[in-house]
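Please treat every number below as a calculation from the coordinates, not as lab data. Everything quoted here is computed from the prediction, not taken from an experiment. A quick note on method: Cβ atoms are made from the backbone with ideal geometry, for glycine too, and the neighbour counts reach across all protein chains shown.
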Amino acid sequence: MVGAAGGGLGVQLPIETHNGGTALFQRPEAIPVGSPIFSDGVNQVYFREVGDHILRAAHFGWTNHPVDPDECDETITAAKLQTLREDLKKRFRSMRRGVYAGGFAAIYDMTPDAHPIIGNIGGVAGFWCNCGWSGNGFASAAAVGGHLAARMAGRSSAVDLGMFGWPRPPETKTRPDGNWIRR
């Protein structure tokens with residue numbers, strides 16, 4: 001799975017596909033409609049509303065569940081659901097009453113350091129990447145896309161995306177491993 005995006009051009013990208021589980025819960029009464037997204041960095045879980053009665057919850061951050069995207073089970077496993085439920089209850093007491101309403105598994109494109117790969121990669125003219133976001137690219141897609149488009153058109157950009165190149169530039173600081181927050 002590593003390098004599939006640029007393999008035909010001789011560019012190897014360190015991207016693997018990983019499985020992440022998402023659960024849906026009925027909204028507990030203690031969580032009002034219109035609540036913001038709740039995110040817990042210690043237990044690495046979040047939930048957000050999907051309509052007036054359902055909350056969508058998942059773990060975030062780097063995951064270590066490599067899968068073949070063609071063979072991936074799209075259901076959330078009982079073990080992932082249990083871990084997610086336990087981690088939610090640690091921070092959000094009202095989720096103890098969250099009734100399970102379904103779930104699914106999603107595929108994330110993960111890089112070894114959990115940072116995306118952005119820019120003209122491998123010295124191949126015209127080969128630009130914006131990948132490896134690990135499910136987190138939607139929030140910044142418009143801004144990153146604008147800066148990347150400027151660079152693709154030969155213009156400068158107000159944001160230096162150089163640290164997201166591949167291989168990573170030597171001056172790029174290493175992101176701490178996923179367990180740093182639990183220490």
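Remarks
- Remark: the chain projects, on average over all directions, an area of 12.4 nm² (convex hull of Cα atoms).
- Rounded Å value of the spacing that divides the Cα centres of segment 108-160 and segment 2-79: 21 Å
- Of the residues Ala79, Pro66, Val50, the one whose Cα sits farthest towards the positive end of the charge dipole of segment 31-83 is Val50 (charges of +1 on Lys and Arg Cβ, -1 on Asp and Glu Cβ, taken about the Cα centre).
- Computed on segment 18-110, with alpha-carbon pairs under 8 angstrom and 6+ residues apart, the relative contact order is 46 percent.
- Tilt relative to the chain, helix 78-91 - C-alpha long axis, 0 to 90 degrees, to 10: 80 degrees
- Reported value for segment 18-110: 95 Å³ per residue, from the convex hull of its C-alpha atoms.
- Rounded to the nearest 20 debye, the dipole size of segment 35-129 about its Cα centre is 760 debye, using +1 on the Cβ of Lys and Arg and -1 on the Cβ of Asp and Glu.
- Considering only Ile121, Thr111, Tyr100, the residue lying farthest towards the positive end of the dipole of segment 1-149 is Tyr100, judged by Cα position with unit charges set on Cβ.
- If you plug the beta carbon distance of Val50 and Ser157 into 1/(1 + (r/R0)^6) with R0 = 41 Å, you get a FRET efficiency near 0.75.
- Rg and Dmax over the alpha-carbon atoms of segment 113-182 stand at 13.0, 43 Å.
- Between 0 and 90 degrees, the angle of helix 141-152 with respect to the longest Cα principal axis of the chain falls at about 0 degrees.
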